[in-house]
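Trainee: Here you go, one structure.
The values are calculated or read from the model by the stated rules, or taken from the named source; none is laboratory data. None of the values given here were measured: they were computed from a predicted structure. As a convention, Cβ positions derive from the backbone with ideal geometry for all residues, glycine included, and neighbour counts pool all protein chains shown.
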Amino acid sequence: MPNISRDEVAHLAKLARLAVTDDELDVFAGQLDQILDSVAKVSEVAADNVPPTSHAVPLTNVFRQDVVVPGLSQQQALASAPAAEDGRFRVPRILGEEQ
């Protein structure tokens with residue numbers, strides 16, 4: 001059973017440059033001990049004959065065929081525009097006069 005001491009937590013906090021109080025050292029030591037215990041349990045269960053998985057169920061991507069469809073003509077696209085000028089969308093200026 002993993003057991004992490006307050007000194008080890010203080011050392012880890014120093015390496016991570018974390019300011020940790022004495023009360024926090026006790027709390028973190030308990031939490032890290034639980035984490036290490038959980039990892040040890042998982043390590044016991046993991047077997048060499050079990051392949052690693054990323055998902056509990058098999059996943060397959062569903063792709064659709066790319067179908068070329070005609071797009072809008074310039075006139076059709078500009079027909080719904082609030083403002084158009086010289087065959088382009090006209091938008092309000094967002095920058096000052098200096099460029």
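Trainee: Take the conditions exposed (fewer than 12 other Cβ atoms within 10 Å of the Cβ) and of a type in the set (Val, Ile, Thr) and apply them to Val20. Does it pass?
Mentor: no
Trainee: Considering each residue of region 32-78, count those that are in a loop (DSSP other than H, G, I, E, B), of a type in the set (A, V, I, L, M) and loosely packed, with under 10 Cβ neighbours inside 10 Å, and give that number.
Mentor: Of the residues in region 32-78, 10 are in a loop (DSSP other than H, G, I, E, B), of a type in the set (A, V, I, L, M) and loosely packed, with under 10 Cβ neighbours inside 10 Å.
Trainee: Among the residues of region 79-97, is any modelled with pLDDT of 85 or more and assigned to a helix (DSSP H, G or I)?
Mentor: Scanning region 79-97 turns up at least one residue that is modelled with pLDDT of 85 or more and assigned to a helix (DSSP H, G or I).
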